[in-house]
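Visitor: To start, I am sharing the structure in question, which I have written as structure tokens.
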Amino acid sequence: MIVCVAVVGHQNNPLYIQSFTEADDALKLHHIVHCSLDVIDERVNNPKKSGSTLNETFLGLLYPTENYKVYGYLTNTKVKFIVVTTDLDVRDADVRNFFRKFHVAYVDAVSNPFHVPGKKITSRTFAERVSTIVKSFGLSSAG
Amino acid sequence: MAPVGPRSGDAIFASVERVNAELFTLTYGAIVRQLLTDLEEVEEVNKQLDQMGYNIGIRLVDEFLAKSNVSRCIDFKETADVIAKVGFKMFLGVTASVSNWDADGTCCSIILEDNPLVDFVELPDTCQGLYYCNVLSGVIRGALEMVSMKTEVTWVRDMLRGDDAFELQVKLLKQVPEEYPYKDDE
């Protein structure tokens with residue numbers, strides 16, 4: 001189950017952060033997201049010399065903490081999407097799929113002429129679409 | 001050679017040059033944003049959009065009549081139908097419908113279910129009085145004025161404000177007969 005999604009701009013400024021649990025540890029989730037930014041920076045600045053560095057959008061599992069797994073996705077405008085999930089057996093393909101749909105929703109939100117790039121995303125449609133994508137992620141990986 | 005009959009909106013739309021829809025939407029969005037930054041007052045922006053639409057409409061009607069070959073409309077009802085079915089289809093690629101005729105046949109509503117100008121747009125709370133698509137009302141007013149009809153076009157429903165469709169009310173004020181600029185006996 002996804003507990004938190006976040007969109008972070010290219011100067012590491014938060015653009016959108018939303019948690020999906022009722023528990024009060026929202027602050028802890030924000031902290032996890034913040035720490036994962038460091039991991040992303042490290043991965044971006046020291047690419048592994050594996051040769052397959054052409055499509056670097058999906059960064060994969062950033063680091064596992066005691067209960068959570070954190071996945072990252074980098075767009076080519078250096079905007080980062082971060083997902084924190086409590087599932088223990090998450091398929092790579094599911095997460096990639098999630099990020100693809102999330103990216104489409106993000107692009108539509110940013111195409112709003114009233115959205116100021118660099119400021120927080122305040123679109124209600126975006127929030128609803130993200131909730132839908134998050135809910136469907138839980139269902140698809142339940143089988 | 002037999003006279004060419006009027007062409008349907010779909011046929012003309014298929015034959016004219018087209019532009020990418022997203023480019024069009026983003027360009028229009030940039031225009032509205034810039035007007036808001038320059039003028040700051042929502043009412044002023046509405047007026048400017050209407051004026052811009054008027055300037056487009058007075059030129060657009062010639063292109064429309066040239067490409068579509070419609071014959072002279074008998075009454076206002078036919079005019080409204082032609083605008084909705086042929087005009088909107090040809091220029092925006094969407095078909096509108098006409099309804100809500102009043103008893104005299106001088107006032108009707110043009111309803112658009114789908115509007116390419118407003119893709120991706122959400123009005124922020126500071127711009128709640130803005131008629132984002134006001135350019136369309138100016139276009140209709142300008143075009144009809146060039147064919148001797150003075151009209152008043154207002155928005156009844158607006159999807160950006162939460163309604164389920166876009167509805168424009170077109171009211172024919174008067175038909176201005178063509179006047180010769182010179183007196184006959186001079």
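Visitor: Is there a simple number for the mean count of other chain Cβ atoms within 10 Å of the Cβ of residues in A:112-118, and what is it? Walk me through the intermediate numbers first.
Guide: Numbers: counts 8, 15, 13, 6, 2, 0, 0.
Neighbouring Cβ atoms belonging to other protein chains average 6 per residue here.
Visitor: Label the protein assembly as shown by shape, choosing from rounded, prolate and oblate, from the square roots a ≥ b ≥ c of the eigenvalues of the Cα gyration tensor; if a/c is under 1.5 it is rounded, and otherwise prolate applies when a/b is larger than b/c, oblate when it is not.
Guide: Values: a/c = 2.87, a/b = 2.62, b/c = 1.09.
Cα axes put the protein assembly as shown in the prolate bin.
Visitor: Can I ask one more? Tell me the relative contact order for the range B:1-122 as a rounded percent, counting alpha carbon contacts under 8 Å between residues six or more apart.
Guide: On the way: 96 pairs, mean separation 37.7, N = 122.
For the range B:1-122, the relative contact order is 31 percent.
Visitor: What shape does the range A:2-136 have by the C-alpha gyration tensor, where a ≥ b ≥ c are the square roots of the eigenvalues, rounded means a/c under 1.5, and otherwise prolate means a/b greater than b/c and oblate the rest?
Guide: Numbers: a/c = 1.45, a/b = 1.11, b/c = 1.30.
Rounded shape, in that the Cα axes give a/c under 1.5.
Visitor: Taking the 0 to 90 degree range and rounding to the nearest ten, how far is the long axis of helix B:42-68 tilted relative to the main principal axis of chain B, both from C-alpha atoms?
Guide: Between helix and principal axis, roughly 40 degrees.
Visitor: Suppose each label sits 7 Å from its Cα in the direction of the beta carbon; what would the A:SER111-A:HIS34 distance come out to in nanometres?
Guide: According to this spin-label approximation, the distance is 3.5 nm.
Visitor: Okay, next question. Measure up B:LYS47/B:LYS77; A:LYS119/B:LYS47; A:LYS120/B:LYS47; A:LYS69/A:LYS101; B:LYS67/B:LYS174; A:LYS101/B:LYS85 against 25 Å on the Cα-Cα distance and list the ones that go over.
Guide: On the way: B:LYS47/B:LYS77 27 Å; A:LYS119/B:LYS47 29 Å; A:LYS120/B:LYS47 30 Å; A:LYS69/A:LYS101 19 Å; B:LYS67/B:LYS174 27 Å; A:LYS101/B:LYS85 36 Å.
B:LYS47/B:LYS77; A:LYS119/B:LYS47; A:LYS120/B:LYS47; B:LYS67/B:LYS174; A:LYS101/B:LYS85, as the Cα separations exceed 25 Å there.
Visitor: Further question on the same structure: Summing -39500 (n - 2.57) over the DSSP H runs of n ≥ 4 in chain A and dividing by its residue number, what mean residue ellipticity at 222 nm do you reach, to the nearest 500 deg cm²/dmol? Spell out each step's value before the answer.
Guide: Numbers: 3 runs with 56 residues, N = 143.
Computed ellipticity for chain A at 222 nm equals -13500 deg cm²/dmol.
Visitor: Relative contact order of the range A:2-136, please, whole-number percent, based on alpha carbon pairs below 8 angstrom and at least 6 residues apart.
Guide: Numbers: 162 pairs, mean separation 34.4, N = 135.
Rounded, it is 25 percent for the range A:2-136.
Visitor: Then there's this: Sorting check: for B:49-57, B:103-111, which peptide has the highest mean count of neighbouring beta carbons within 10 Å, and how do the rest follow?
Guide: On the way: B:49-57: 18.8, B:103-111: 16.4.
Most protected by this proxy first, the peptides run B:49-57, B:103-111.
Visitor: Suppose only helical runs count, i.e. DSSP H with n ≥ 4. What mean residue ellipticity at 222 nm does that imply for chain B under -39500 (n - 2.57) per run, divided by all residues and rounded to the nearest 500 deg cm²/dmol? All intermediate terms of the calculation are to be shown ahead of the outcome.
Guide: On the way: 6 runs with 78 residues, N = 186.
Rounded to the nearest 500, the figure is -13500 deg cm²/dmol.
Visitor: Just going by the charge dipole of chain B, with Lys and Arg at +1 and Asp and Glu at -1 on Cβ, which of B:CYS133, B:ASN20, B:ASN55 is farthest out on the positive end?
Guide: Ranked along the dipole, the leading option is B:ASN20.
Visitor: Which angle from 0 to 90°, rounded to the nearest 10, does the C-alpha axis of helix B:134-146 make with the longest principal axis of chain B?
Guide: 10 degrees
Visitor: What is the spin-label model distance, in nm, from B:GLN128 to B:VAL42 if the labels are put 7 Å beyond Cα along the C-beta direction?
Guide: Each label point is offset 7 Å from its Cα along the Cβ direction, giving 0.7 nm.
Visitor: With a point put 7 Å past each Cα toward its Cβ, work out how far B:ASN20 is from B:ASP62 in nm, to one decimal.
Guide: Reported label-point gap for B:ASN20 and B:ASP62 is 3.1 nm.
Values quoted throughout were computed directly from the atomic coordinates according to the rules given, and no laboratory measurement underlies them. Since the model is a prediction, treat every value here as computed from it, not as a measurement. Neighbour counts are summed over all protein chains in view; Cβ atoms, including those assigned to glycine, are modelled from backbone coordinates with ideal geometry.
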